[in-house]
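Here's the structure we're looking at; comments come further down.
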């Protein structure tokens, strides 16, 4: 790549996206209960849960939840109410749906709710005729083991830790590193299948690619490759994302996105300096010597190509990705309003597939999923195997050791699906909470079964 910090889009390495990164699941966000329809007319039946949010813990039960049926605030007895769960949550006995009639006080007390090992946040839905209500059920995942490359069931993550981000990349000798970030800011590391041990504390963001990991700390110091606590990021700003990639000479770039839209970069351990991008909105995981950055003007900078246009100004970019083209060039992709836009070697972005929901890239390939759960990666198109009723949450791709390509898809019920060289996706693991990939490996955290 050209030796220009603004033209270079950084290093080969781990799975990313906020990650991997970065793609990916997040700690459950508590939502507010809603009731529909609102009672504006006399005699309209209303349903309401007793709480807007029910909090639980993995592999435990939530007891005492109830729904109340009223008309004009008067409890209604004998109303048949059906309540539904999803994503591994069940009522005692294993059913995901329960139905009963309200008592004299208008209440229907639900059977105990069993929380799955993967935890997560779902919507609890109640229905009685045309009256509906919803509430949130949320729980953190249970104790996790980690799998990456060919290493499975790795331990070392404390049982009370909540894994928020995972990342992996190759080392300079062909081996593999793995990094796991917990919600308390502790970063754990493993090399070639060793048990995880503490690498750092106070960590806020993690990614990896092109033979390097990168992480930021609460003091705005950044570590990447072998360069530790690199400074230069102002102390009064908040880091929102990080990325790293290789340069064309075997060195390493690091790039940091700040909450004010400014981007900073570092090369081979030098102090971070401000880039020419001052209104950045999204940053990709690094791959094949490049990083992609989108800005508020809907232009994208990647490799040595600055402010590439073509994405409509009214479109809302939700993700960007970049990877090598296989012949020394570079692709970039941007997802906006469900349309996937693409650029090769600095060409103006052109519209591609529509109804795209998820995007990622690594090691010479992009991967993306559509609303009908078809998946595309490398040169393989419309790959099936993901159930039509599944909800995709994360996609990831990486090379295999023979130069082929893997694709992975994580769904909201914790099922991990995989495909190799265009084969139909098949289930590979259950109880998976986090997924990422880079270089020649994927990594995923897996809650221990209840």
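Each value in this text was obtained by applying a stated rule to the coordinates, not by laboratory testing. It should be emphasised that the depicted structure is a prediction, and the values quoted were computed from it without experimental measurement. Ideal geometry is used to build each Cβ from the backbone, glycine not excepted, and the neighbour counts take in all protein chains shown.
Is the shape of the chain rounded, prolate or oblate, going by the alpha carbon gyration tensor and its root eigenvalues a ≥ b ≥ c, with a/c under 1.5 for rounded and a/b larger than b/c for prolate?
prolate
Taking the number of other C-beta atoms within 10 Å as the exposure measure, put 176, 191 in order starting with the fewest. Walk me through the numbers on the way to the answer.
Details: 176 22, 191 13.
Ascending number of Cβ neighbours within 10 Å: 191, 176.
Between residue 57 and residue 345, what's the calculated FRET efficiency when r is the beta-carbon distance and R0 is 45 Å? Round to 0.05.
0.35
At 0.36 nm per residue, and after removing the present C-alpha to C-alpha distance, how many nm does the segment from residue 371 to residue 235 gain when stretched out fully?
Difference between extended and current length: 44.8 nm.
With the cut-off at 19 Å, report for the range 164-215 the share of all Cα pairs above it, as a whole percent.
19 percent
Quick one: compute a quarter of the convex hull surface over the Cα atoms of the range 335-449 and quote it in nm².
If you wrap the Cα atoms of the range 335-449 in a convex hull and average its projections, you get 7.3 nm².
What does the extension gain come out to for residue 426 and residue 159, with contour length at 0.36 nm per residue minus their alpha carbon separation?
Between residue 426 and residue 159, full extension yields an extra 93.2 nm.
Just grab the label-to-label distance for residue 279 and residue 400, each label 7 Å out from Cα along the Cβ direction, in nm (one decimal).
Placing both labels 7 Å beyond Cα along the Cβ direction yields 4.6 nm.
Could you tell me how far the Cα centroid of the range 86-165 sits from the Cα centroid of the range 314-348, in Å?
So the two Cα centres are separated by 37 Å.
Place the peptides 360-366, 320-326, 45-51 in order of packing, highest mean first, counting for every residue the other Cβ atoms within 10 Å and averaging per peptide.
Order by mean packing, descending: 360-366, 320-326, 45-51.
Expressed in nm to one decimal, what extension gain is obtained for the pair residue 73 and residue 260 from 0.36 nm per residue of sequence separation less their Cα-Cα distance? Provide the component values of the computation, followed by the final result.
On the way: separation 187, 0.36 × 187 = 67.32 nm, distance 4.76 nm.
Additional length available on full extension: 62.6 nm.
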